[in-house]
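The structure under discussion appears below in the form of structure tokens.
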Amino acid sequence: MSAPRLEIDLGRLQHNAITLVRRLARQGISVSGVSKAVLGLPEIVHLWLAAGVSSIGDSRLETIEAMAHAGITAPLLLIRTPMLSQVERVVAHAATSCNSEPVVIKALAAAALRQRRRHGVLLMVELGDLREGILPPDLTAIAELTLGLPSLRLVGIGSNLGCQHGVAADADNMGELSALANALEARFGISLELISGGNSANLPWLEQGGAPGRINHLRLGEALLLGREPLGRTAIPGLHTDAFKLVGELIEVKTKPTRPWGRQGLTSFSDESPRQPSLREDRGLRQRGLLALGLQDVDPAGLEPPPGVSIVGASSDHLVVEADHPLSVGEELSFSPNYSALLRAMTSLFVERLCIDGEAKAPRGAAASTAQAPRPGSQPGTTLEGDSERALVATTS
């Protein structure tokens, strides 16, 4: 079997999707599965849809086009503001796009008119995280512009939190989004389909008793894939956090000093002044292994090594580890990736993907379901007992 590779347990991912979709449905919230970390992998997208995810969101138009060409017929949502240079392609392949710029909205309308289509627009509102979004005082004017363009459909409004500055959802910003939705509906006599509160970072707020108000939609990636919320990397009870394993192969194993010698300068990936040997800890001779896996393939800071192994360095195509047990050339080591590591590993041309069609099972410590979980392409079952009744997110890290 080739390495490096990502081993993807589809059964665990399916369990996560079923559980989250059903929990949030009790609060009147639908889910768009955000596929950017897995590049719209059809095996994952299909099982999300079978679990009840309402649409698929992605930030890259190329991935949306690939999903459309792969025969995925579910509504596709472009979650990054479209580039002006790509509006024709956006209208051709995405049912809806997130928007904040009037010039882009006008260009989308023109493209939709040329293609005789009606394109959905979700207006993004800035609520403090300072990434994308219309400032609240400007929202009414841009909504009026959108409503005046017959080739567009104002689907709703949304916000994004947690991605740029780690701003958390709370009663204030979610209440403001709800109030803005109410104001637009009253002002223009319309009914907005989606009030999209945010992403996986919204889950702690909901677990802590946050009232959704008008929030009826979330765009989830990390929670579905890794069973965690991003603000504190907290595991979500009842979900699998180990659906992905990154496997690398050892290409060198030697006992070496732990402190470099010779004159030192910057490396190709240094982001600070060179460290002097005097600042390096000398831990004597240690067993070190090199894996054929590097910064071109993964974010090493986002990897959790197996027991007894520690990551001590990386370059473009090597990962350096130390171990307190014997290693051997040709041996494989499995690492658990976080969201950053998963995203880069999926993007690498040199990391293969192996989908394991396992049965959907509750994680250890969670009550098992009495109903068989649906397989991709089937309809979800009607019951999922035990873990589906638990709180969405643990309150402690």
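The values are calculated or read from the model by the stated rules, or taken from the named source; none is laboratory data. Remember, it's a predicted structure, so these values are computed and weren't measured experimentally. Glycine also receives a Cβ, built like all others from the backbone with ideal geometry; neighbour counts cover every protein chain displayed.
Could you grab me the full set of residues in segment 309-348 that are in contact with a Leu (Cβ under 8 Å, 6 or more places away or on another chain), part of a strand (DSSP E or B) and of a type in the set (Asp, Glu)?
Within segment 309-348, Glu332 is the sole residue that qualifies.
Considering only segment 55-82, how many residues are of a type outside the set (Lys, Arg) and either touching a residue at least 60 places away in the same chain (Cβ under 8 Å) or under 19 Å from Pro230 (Cβ atoms) (or both)?
Step one: list which residues in segment 55-82 are of a type outside the set (Lys, Arg), which gives 55-59, 61-79, 81-82.
Still in the list and also either touching a residue at least 60 places away in the same chain (Cβ under 8 Å) or under 19 Å from Pro230 (Cβ atoms) (or both): 57-59, 77, 79.
Residues flagged as of a type outside the set (Lys, Arg) and either touching a residue at least 60 places away in the same chain (Cβ under 8 Å) or under 19 Å from Pro230 (Cβ atoms) (or both) within segment 55-82 amount to 5.
Search segment 148-194 for residues being out of contact with any Ser or Thr (no Cβ under 7 Å at 6 or more places or on another chain) and of a type in the set (Val, Ile, Thr), and hand back the single one that is farthest from Pro102 (Cα to Cα).
Only one residue tops the list, namely Val167.
Among the candidates Ala169, Ala143, single out the residue that is more than 20 Å from Arg187 (Cβ to Cβ), assigned by TED's automatic domain parsing to the domain that holds Glu101, among the hydrophobic types (A, V, I, L, M, F, W, C) and touching a helix residue (DSSP H, G or I) at 6+ places or on another chain (Cβ under 7 Å). Let's see the steps before the verdict.
Working: Ala143 fails: more than 20 Å from Arg187 (Cβ to Cβ).
It is Ala169.
Of everything in segment 150-185, what is over 30 Å from Val91 (Cβ atoms), surrounded by fewer than 17 Cβ atoms within 10 Å (Cβ to Cβ) and not charged (D, E, K, R)? Give them in sequence order.
Listed by number, the residues that qualify are His165, Gly166, Ala171, Gly175, Ala179.
Could you count how many residues in segment 186-201 are buried (at least 17 other Cβ atoms within 10 Å of the Cβ) and not in a loop (DSSP other than H, G, I, E, B)? Full working, then the answer.
Looking only at segment 186-201, we keep the residues that are buried (at least 17 other Cβ atoms within 10 Å of the Cβ), and these are 192, 194-201.
Next cut, not in a loop (DSSP other than H, G, I, E, B) only: 194-198, 200-201.
Residues flagged as buried (at least 17 other Cβ atoms within 10 Å of the Cβ) and not in a loop (DSSP other than H, G, I, E, B) within segment 186-201 amount to 7.
So if I check each of Leu239, Leu224, which one is assigned by TED's automatic domain parsing to the domain that holds Val155, within 30 Å of Gly158 (Cβ to Cβ), buried (at least 18 other Cβ atoms within 10 Å of the Cβ) and in contact with a helix residue (DSSP H, G or I) (Cβ under 7 Å, 6 or more places away or on another chain)?
Being assigned by TED's automatic domain parsing to the domain that holds Val155, within 30 Å of Gly158 (Cβ to Cβ), buried (at least 18 other Cβ atoms within 10 Å of the Cβ) and in contact with a helix residue (DSSP H, G or I) (Cβ under 7 Å, 6 or more places away or on another chain) holds for just one of Leu239, Leu224, which is Leu224.
Do any residues in segment 96-119 that are within 19 Å of Leu194 (Cα to Cα) have Cβ atoms under 8 Å from those of residues that are of a type in the set (Lys, Arg), where the two are at least six apart or on different chains, and which pairs are they?
Cys98/Arg80; Arg118/Arg153; His119/Arg153
Does Ile215 satisfy the condition of being assigned by TED's automatic domain parsing to the domain that holds Ser191, closer than 30 Å to Ser97 by Cα, of a type outside the set (Gly, Ala, Ser) and touching a residue at least 12 places away in the same chain (Cβ under 8 Å)? Before you say what the answer is, go through the steps one by one.
Details: assigned by TED's automatic domain parsing to the domain that holds Ser191: yes; closer than 30 Å to Ser97 by Cα: yes; of a type outside the set (Gly, Ala, Ser): yes; touching a residue at least 12 places away in the same chain (Cβ under 8 Å): yes.
For Ile215, the condition - assigned by TED's automatic domain parsing to the domain that holds Ser191, closer than 30 Å to Ser97 by Cα, of a type outside the set (Gly, Ala, Ser) and touching a residue at least 12 places away in the same chain (Cβ under 8 Å) - is met.
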